[in-house]
Amino acid sequence: MLRVLTYNVRRCLGADGRLAPERIAAVIAACRPDVVALQELDVGRARSGGIDQAKVIAEQLGMRSHFHPAMRVMEELYGDAILTALPSRLVRAEALPGRAGLEPRGALWAAITAGETEVQVVTTHLGLDRRERAAQTDALLGPRFLGDPACRDPVVLLGDFNALPGSGIHRRLAARLPDAQGPPHRAWARPTFPARLPLLRIDHVFVSRGVAVREVRRLGGRLARVASDHLALVADLDLAPAPAPRISVPREEPA
């Protein structure tokens, strides 16, 4: 089983106004994930004390981080990361299409070895503008990411997509990689935003068709509700589902 988690951490700024990467790490550690995708991380930014939030959280979890700065202002970076303690390699990290005046966005692709299986993990944080999200989805589905022949099954795409189930963006992505939570009407769908009273399902996990989903849940509780403005979404996956049992048919004995 592989446990994956996606979490928009809002630069580790809690609802109480306190910057606390260690609190984010504590929320994550409670469920012991194998792979963690984080969005909205500050690295070397004055507003966050100049620390490398991706590195700090990874160290507290005993993991290694792959970070991509969607935005760069001089030496200050802001973006997304994939964390894991499993053997991993960064395949690609680059900007997604954007519009002038809007926050830059990016995507990050890492190949992670779980047991004898290499899984392709892609994370992103799509924009707030509908047309911008459409162009970013084109890029994700294109030859640099999900359309790359090297992005072969099993594949996990997860992050903050700023798109509700049933929206055009969600339908396009789910046509390539089914939503781990199933169709939009699925009873066990878990909204993750806003953290204190989650109403919107904009954080998603998509998986290739050969992956079996055991469970999807969000991380609740008092600490999670104050640590960020999103709740973390966790999915337990079987990368290589066991084959269906063979039914043996008794052979007819000769008379």
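In table form, for the structure just shown:
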| quantity | calculated |
| --- | --- |
| Exposed-loop-free span, longest in the chain, where GluC sites (Glu not before Pro) count as exposed if DSSP calls them loop and at most 10 other C-beta atoms lie within 10 Å | 117-251 |
| For the range 2-238: span of alpha carbons on each principal axis (Å, largest first) | 42, 38, 36 |
| Among Gly101, Gly127, Gly62, residue whose mean-square fluctuation peaks in a GNM of the chain (springs only between Cα atoms under 10 Å) | Gly101 |
| C-alpha long axis of helix 130-141 to longest principal axis of the chain, angle in ° | 50 degrees |
| Choice from Val43, Val121, Val91 with maximal GNM fluctuation in the chain (Cα, 10 Å cutoff) | Val91 |
| Summed residue charge, Cβ within 12 Å of Arg32's Cβ, Lys/Arg positive, Asp/Glu negative | -1 |
| Relative contact order, percent, the chain [alpha-carbon distance under 8 Å, six or more residues apart] | 20 percent |
| Förster-model FRET efficiency, 35 Å R0, Leu90 and Leu199, C-beta, rounded to 0.05 | 0.50 |
| Cβ-derived FRET efficiency at R0 30 Å, Ala15 paired with Thr117, nearest 0.05 | 0.20 |
| Cβ-defined net charge surrounding His170, 11 Å radius [Lys, Arg +1; Asp, Glu -1] | +3 |
| Estimated FRET transfer efficiency when R0 is 41 angstrom, pair Met1-Ala134 (beta carbons, to 0.05) | 0.75 |
| Estimated [θ] at 222 nm from DSSP helical runs (n ≥ 4, -39500 (n - 2.57)) normalised by residues in the chain, nearest 500 | -5000 deg cm²/dmol |
| Separation in nanometres of the label points that stand 7 Å from Cα toward Cβ, at Ile51 and Arg72 | 2.5 nm |
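Only the coordinates and a few stated rules stand behind these numbers; no lab work does. Note that the structure is a prediction, hence the values are computed from the model and not measured. Backbone-built Cβ (ideal geometry, glycine too); neighbour counts: all protein chains shown.
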